[in-house]
Amino acid sequence: MKVLIISNGDIKDYNFYKKLIKDADMVICADGGANHAYRMKLKPHLIVGDLDSIKEEVLEFYEKEGVRIEKYPPMKDETDTQLAMLKAIELGAREITFIGVIGERIDHSYANLSLLLYLLKRNIKGKIVNEMNEIYLINKFIEVEGKKGELLSLLPYSKEVNGIYTKGLFYGLSGQSMDLEMPYGISNVFTDNKATIEIEEGLLLVIKPRE
């Protein structure tokens, strides 16, 4: 099951996300993410969180629409996005896409990268998407679709990443390593309509930026 989680971070171009919404089997809003869903005229399957950032009129609207709402106490260890992810897993998600998780709050944005690690360790596909980026985390292999000339950045998420092999990128790698202290994988370039990245050891962020 494919689940789309909408959080309360920056979302500017709502039309950009139409395909992600169409492809999702279930939509879960993390608290104020429901404000975005409301503006998109989207009825989510579930809203979770402490409900401190959802607008009152939005909450009332979705209550009248019969949307399932799970309220948590504000004094909790998990963020609302983490709660939404855990709920998605509980409901059987095998692939989760997060939107609205990158914004001006660097602490939240950085913490949300760890969502991908949580999913990776449980063999659940995960990615973070906004208007400017697609973000993946791998420990073995990934194939990313793109167009010739588009950019793809590879950044270590562990102290070292060893045995990196790529195909379909201008700056090819054939077994090299990358260090967290001095990454060199920024702004590689697609030479084909897809790129493959394989690593032998470590954790690697694969980021497809849009210019």
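The values are calculated or read from the model by the stated rules, or taken from the named source; none is laboratory data. These numbers come from a predicted model, not from an experiment. Every residue, glycine as well, gets a Cβ built from its backbone with ideal geometry; the counts of neighbours run over all protein chains shown.
I'm checking my understanding of the structure. Among residues of region 100-122 that are of a type in the set (Val, Ile, Thr) and touching a helix residue (DSSP H, G or I) at 6+ places or on another chain (Cβ under 6 Å), which one is modelled with the lowest pLDDT? For region 100-122, the residue satisfying everything is Ile102.
Residues to consider are Phe98, Phe16, Phe61; find the one that is among the aromatic types (Phe, Trp, Tyr), in the same structural domain as Lys127 (by TED's automatic domain parsing) and in a strand (DSSP E or B).
Phe98
From the residues in region 97-107 that are of a type in the set (Val, Ile, Thr) and in contact with a strand residue (DSSP E or B) (Cβ under 8 Å, 6 or more places away or on another chain), which one is surrounded by the fewest Cβ atoms within 10 Å (Cβ to Cβ)? Once the filter is applied, the top-ranked residue is Thr97.
Set side by side, the residues Met40, Met75 differ, and just one is farther than 19 Å from Phe98 by Cβ, out of contact with any Gly (no Cβ under 7 Å at 6 or more places or on another chain) and either surrounded by fewer than 20 Cβ atoms within 10 Å (Cβ to Cβ) or not assigned by TED's automatic domain parsing to the domain that holds Ile106 (or both), which is Met75. Of the residues in region 11-29, not one is under 17 Å from the mean Cα position of the chain (by Cα), of a type in the set (Gly, Ala, Ser) and either surrounded by 24 or more Cβ atoms within 10 Å (Cβ to Cβ) or closer than 18 Å to Asn112 by Cα (or both). Set side by side, the residues Ala88, Ala37, Ala24, Ala30 differ, and just one is in contact with a Pro (Cβ under 8 Å, 6 or more places away or on another chain) and either modelled with pLDDT of 95 or more or not aliphatic (A, V, I, L, M) (or both), which is Ala37.
Can you pull out the residues in region 153-191 that are within 22 Å of Val129 (Cα to Cα) and touching a residue at least 40 places away in the same chain (Cβ under 8 Å)? Of everything in region 153-191, those that are within 22 Å of Val129 (Cα to Cα) and touching a residue at least 40 places away in the same chain (Cβ under 8 Å) turn out to be Ser153, Leu154, Leu155, Pro156, Tyr157, Ser158, Val189, Phe190.
What single numbered condition from (1) crowded, with 16+ Cβ neighbours inside 10 Å; (2) among the small types (Gly, Ala, Ser); (3) assigned to a helix (DSSP H, G or I) fails to hold for Ala93? For Ala93, the exception is condition (3). Being aliphatic (A, V, I, L, M), assigned to a loop (DSSP other than H, G, I, E, B) and closer than 12 Å to Cys29 by Cα is the requirement here; does Ile54 meet it? For Ile54, the condition - aliphatic (A, V, I, L, M), assigned to a loop (DSSP other than H, G, I, E, B) and closer than 12 Å to Cys29 by Cα - is met. Restricting attention to region 38-97, the residues being small (Gly, Ala, Ser) and farther than 23 Å from Tyr14 by Cα number 3. For region 17-75, the set of residues classified as out of contact with any Lys or Arg (no Cβ under 7 Å at 6 or more places or on another chain) and among the β-branched types (Val, Ile, Thr) consists of Ile21, Val27, Ile47, Ile54, Val58, Ile69, listed by residue number. In the set (1) of a type in the set (Ser, Thr, Tyr); (2) under 30 Å from Gly92 (Cβ atoms); (3) in contact with a Gly (Cβ under 7 Å, 6 or more places away or on another chain), the condition left unmet by Tyr157 is number (3).
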